[in-house]
Amino acid sequence: MSKIQSERLIQHFIELVKIDSESRNEKAISETLAEQLGQLGFEVHKQSVDPAISNGHNLYARLDGELAGSVLLSCHMDTVTPGNGIEPVIEDGIIRSKGETILGGDDKSGIAAIMEAVRSLREQGQAHQSIELALTVNEECGLHGSKAFDMTAVQSQHAIVLDSGGPIGTVITVAPGQESLSVTVTGKPAHAGLAPETGINALTVAADAIGKMKLSRIDEETTANIGVVQGGSATNIVMPSLTLEAEARSLDDDKLDAQVNHMVATFEAAAECHGAQVSIERSRSYNAYRIDEADPLVTGVVAAFEANGVQAQTQSTGGGSDANIFNAKGLKTVNLSTGMAKVHTCDEEIAVADLVAITEFLHTYLSR
């Protein structure tokens, strides 16, 4: 017999994904969830954020439990685009959108799972540990909500973020740090037909640097990429300036520093060689985290999955999440899969069975 009401879970999930909440427009979803959490018995606090981040609020909520222990559960409330006017459909046990928008299972599947697990525990009169919630805005554009989250009231020593894909039982214990580079190469314009030799082509400078740069897969822990290049105005003008947007990621922060330093030095050397100028802005988006598989947080999560007959698997990932930020703030945090698949595309989907399974995991974990 299921520990939860799966039909209510699915209905609530569908209601949540129908609320427009693209990044920076989380007012409606944050107000809806604040009200619903209050009805569930949570003490809810709306945390104001910079209006440039969101027109909504981060939400901190707490529900005292009868069992020893406390955990913070976290999801983000925003979605990527196109995320307005979502029309979810269920076919053969799979929930997806009609195909013109994303579904929003990233990350409303986690929110629905948490709330159904708590509803079921309270209805059954089942003792549970104290539950804290951190529901964040604007995760998708750079983890802005978690960066702004006020940790003052948080009492838990560890946390679970529900914001990953893969099979149910996937536990992300290792995630990379990421640093962004904004590069402007300034050369010298000249007429490309009359006097090209008097100019300095910014593209030539950039190409020289890129040709000498370690990019793509650096090693098993580190990657680097130049993803955006913009410059030039006409074919008869030696390109006077060029901008590039690049990034590096690594599961090891020292390796990340080394890779970014290498990229910066290579751009600078090429500019000096050609008599050009280069301006580089570096921005560390988040640091890496690594949690030992023997850590009590990990073993407790694994045991709860196994109690439900699910084989848990610890893994690393190549992406960042709010878990990176909470770890950096001193709150030991793992990231779990809710079963979401093909996220950030109009083919996004989640299996009903997976949504039920992660909810049942939460029911078990919170009542142990």
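None of the figures in this text is laboratory data; all of them are computed from the coordinates on show. As the structure is a prediction and not an experimental result, all values here were calculated from the model. Methodologically, a virtual Cβ is constructed for each residue, glycine included, from the backbone with ideal geometry; neighbour enumeration extends over all protein chains shown.
Applying 1/(1 + (r/R0)^6) with R0 = 41 Å to the Cβ-Cβ distance of Ser216 and Arg368, what FRET efficiency is obtained, to the nearest 0.05?
Working: r = 44 Å, r/R0 = 1.06.
Step by step, r from the Cβ atoms, then E = 0.40.
Taking 20 Å as the straight-line reach from the Cα of Lys212, the lysines in range (excluding those fewer than 8 positions away in the same chain) are Lys255.
By how many nm would the segment from Glu245 to Thr186 lengthen if fully extended, with 0.36 nm per residue of separation less the alpha-carbon distance? Each step should come with its number before you reach the end.
Numbers: separation 59, 0.36 × 59 = 21.24 nm, distance 1.50 nm.
Between Glu245 and Thr186, full extension yields 19.7 nm more.
The 3J(HN,Hα) values that the Karplus relation (6.51, -1.76, 1.60; θ = phi - 60°) gives for the range 319-329 are, in residue order, x, x, 8, 4, 4, 4, 5, 5, 4, 5, 7 Hz. Gly and Pro appear as x.
Among DSSP beta bridges lying fully in the chain, give the percent that are antiparallel, nearest 5. Let's see the in-between values first.
Numbers: 55 of 77 bridges.
In the chain, DSSP labels about 70 percent of beta bridges as antiparallel.
Given 0.36 nm per residue, what is the gain on full extension from Ser233 to Glu123 after removing their alpha carbon distance, in nm? Numbers along the way, then the final one.
Details: separation 110, 0.36 × 110 = 39.60 nm, distance 6.59 nm.
In short, 33.0 nm is gained.
Each helix, a run of at least 4 DSSP H residues, gives -39500 (n - 2.57); summed and divided by the residues of the chain, these come to -10000 deg cm²/dmol at 222 nm. With just the Cα atoms defining each centre, how far is the range 319-343 from the range 1-47? Give it in Å. If you average the Cα positions of each part, the centres end up 19 Å apart.
Any of Lys18/Lys332; Lys3/Lys108; Lys46/Lys108; Lys18/Lys46; Lys147/Lys214; Lys108/Lys147 with alpha carbons more than 26 Å apart? Name them for me. Exceeds cut-off: Lys18/Lys332; Lys147/Lys214.
By the beta-carbon count within 10 Å of each Cβ, the least crowded to most crowded order of Met239, Met77, fewest first, is Met239, Met77. Among Ala175, Ala206, Ala234, which one shows the highest mean-square fluctuation when the chain is modelled as a Gaussian network with alpha-carbon springs under 10 Å? Between Ala175, Ala206, Ala234, it is Ala234 that shows the largest mean-square fluctuation. The phi torsions of the range 272-289, fed into the Karplus equation with coefficients 6.51, -1.76 and 1.60 and a -60° offset, translate into couplings of 5, 4, 9, x, 9, 10, 9, 10, 10, 9, 9, 9, 7, 6, 6, 9, 6, 9 Hz, rounded to whole numbers, with Gly and Pro shown as x. In terms of surrounding Cβ atoms within a 10 Å radius of their Cβ, Ile14, Ile29, Ile358 rank from fewest to most as Ile14, Ile29, Ile358. Between Lys27 and Glu281, what FRET efficiency comes out of the Förster formula 1/(1 + (r/R0)^6) with R0 = 51 Å and r the beta carbon distance, rounded to 0.05? The calculated FRET efficiency here is 0.95.
Think of each Lys and Arg Cβ as +1 and each Asp and Glu Cβ as -1; about the Cα centre, that makes the dipole of the range 134-249 roughly 320 debye. Look at the alpha carbon pairs under 8 Å that are at least 6 residues apart: their mean separation over the length of the chain gives a relative contact order of 24 percent. Listed values for the range 73-83 are Karplus-derived 3J(HN,Hα) couplings in whole Hz (6.51 cos²θ - 1.76 cosθ + 1.60, θ = phi - 60°), namely 10, 9, 9, 9, 9, 8, 10, 7, 8, x, x, and x replaces Gly and Pro. When each of Ile200, Ile114 is scored by the number of other beta-carbon atoms lying within 10 Å, the sequence from fewest to most is Ile200, Ile114. Where is the GNM fluctuation largest for the chain (alpha-carbon springs, 10 angstrom cutoff): Ser120, Ser74, Ser21? Ranking Ser120, Ser74, Ser21 by mean-square fluctuation puts Ser120 first.
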